[in-house]
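The values are calculated or read from the model by the stated rules, or taken from the named source; none is laboratory data. Nothing here was measured: the structure is a model prediction, and the numbers come from that model. Cβ placement follows ideal geometry from the backbone for every residue including glycine, while neighbour counts extend to all protein chains displayed.
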Amino acid sequence: MRNVLVRRTRVLASTPARQLKQTLSGAEFTGMSRRGKYLLFTLRTPGRVEPFMLVGHLGMTGRMYVAPAKTPLPKHAAVVLDLGRENFVFEDTRYFGRFTLETGAIEKLGPEPLAQESAPEGFQRALKRSAQPIKVKLLDQELIAGVGNIYACEALLRAGISPKRPAKKLTLTQIGQLWRAIREVLSEAIEGGSTVPLNYSGTDKRDGLFYFGRAPEAPDFYAERLRVYDREGLPCGACRTPIRRLVQAARSTFYCPRCQRG
C-alpha cells in the first residue's frame, strides 16, 4: 500500500488518522471475511510477524470498491488507499460507516444465525431476561449478529410473533420458531441479492475488482420481495389484513395484526 488518504475522520471511529496511515503504510491485503454487518480485512506488513485487522462497516450509504487509479475520486470519498494501479475507495454520503483498526465492536457481537441450526442457549437466556419488545431486542447486535430492521420485521411475521411482545414472554417454542425464521429470511435474502444493491458503476464487466455497495449512477438492482416491511396499508399475503406500522426505538416496524397476535 503506497499511501492512505483520509478525507473524513468521522468514519475512523477511535482510530487517529495518523495511526491509520502509519499502520497501513506498506501493508498488503491477505484476506477478507465477515462478522455480523462488519467486513473484516486481514493485512500483513513486511517485517511484522502477526497480521492485523482492518474493520469496515457500510453504515446506511457506504460503498467500498477498487477502481482504476485514473478514475476521479467521488465527492464523498471518506478514505482512499493507494494500491498502485488501483485505488481502494470507501465512500459514504452520510458518513455513518466505519473504517477503523478498532476491533472492540467485533468482540461484543452475538452468535451468527446462519452458523447454528438451533437457537443457542445464550440467545434463549438473553431473551428470557429482557423486558424489551422482541422487535427492539432483535436489533441488539450483542444478542444476535447481523439482523437489521428489515429482516427483524420479516422474521417476526414468519414466526407469527407480535413485535410488541416482551422478549421474556416468548415461549421456548416461539424462540425456536423465531430462530428458524431469522435463518430463512437471511438465507433467502442472500440468494435473492438482498435489499442492498451490490454493484459498482465501473466498467460493468467481470474485471475481478472488489466492490461492496452501489454508486449513484449504477444500473437498477433486483428488488427483493418483502412480505411485510414497508407495506403499510397493503394486504398481508397470508390473511389479507392491512399491514400496520408503528415506531419502536426510533425505527419503523411493520406487522400484520392478525398473523402476529402471539
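For the stretch 163-176, which positions are closer than 21 Å to I243 by Cα and either buried (at least 17 other Cβ atoms within 10 Å of the Cβ) or of a type in the set (A, V, I, L, M, F, W, C) (or both)? Full working, then the answer.
Here is the first cut: in the stretch 163-176, the residues closer than 21 Å to I243 by Cα are 163-166.
P163, R165, listed by residue number.
Looking at (1) touching a helix residue (DSSP H, G or I) at 6+ places or on another chain (Cβ under 7 Å); (2) buried (at least 18 other Cβ atoms within 10 Å of the Cβ), which is the only condition L114 fails?
(2)
Per-residue answers, yes or no, for (1) over 23 Å from R35 (Cβ atoms); (2) in a helix (DSSP H, G or I); (3) touching a Leu at 6+ places or on another chain (Cβ under 9 Å):
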residue: P72; (1), (2), (3): yes, no, no
residue: F90; (1), (2), (3): no, no, yes
residue: Y95; (1), (2), (3): no, no, no
residue: G110; (1), (2), (3): no, no, yes
residue: A126; (1), (2), (3): no, yes, yes
residue: E142; (1), (2), (3): no, no, yes
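Of all residues in the stretch 1-20, how many are more than 21 Å from the chain's Cα centre (by Cα), surrounded by 17 or more Cβ atoms within 10 Å (Cβ to Cβ) and not in a loop (DSSP other than H, G, I, E, B)?
Final tally of qualifying residues: 3.
Could you pull out the residue among G31, G62 that is within 16 Å of F96 (Cβ to Cβ) and within 22 Å of the chain's Cα centre (by Cα)?
Details: G31 fails: within 16 Å of F96 (Cβ to Cβ).
Checking each option against the conditions leaves just G62.
Which of the numbered conditions does V49 fail, given that it passes all the others? Conditions: (1) β-branched (V, I, T); (2) modelled with pLDDT under 95; (3) within 22 Å of the chain's Cα centre (by Cα).
Only one criterion is unmet by V49, namely (3).
Check A105, A78, A155 and return the single one that is among the small types (G, A, S), modelled with pLDDT of 90 or more and farther than 30 Å from V6 by Cα. Give the derivation first.
Working: A105 fails: farther than 30 Å from V6 by Cα; A78 fails: farther than 30 Å from V6 by Cα.
The unique qualifying residue is A155.
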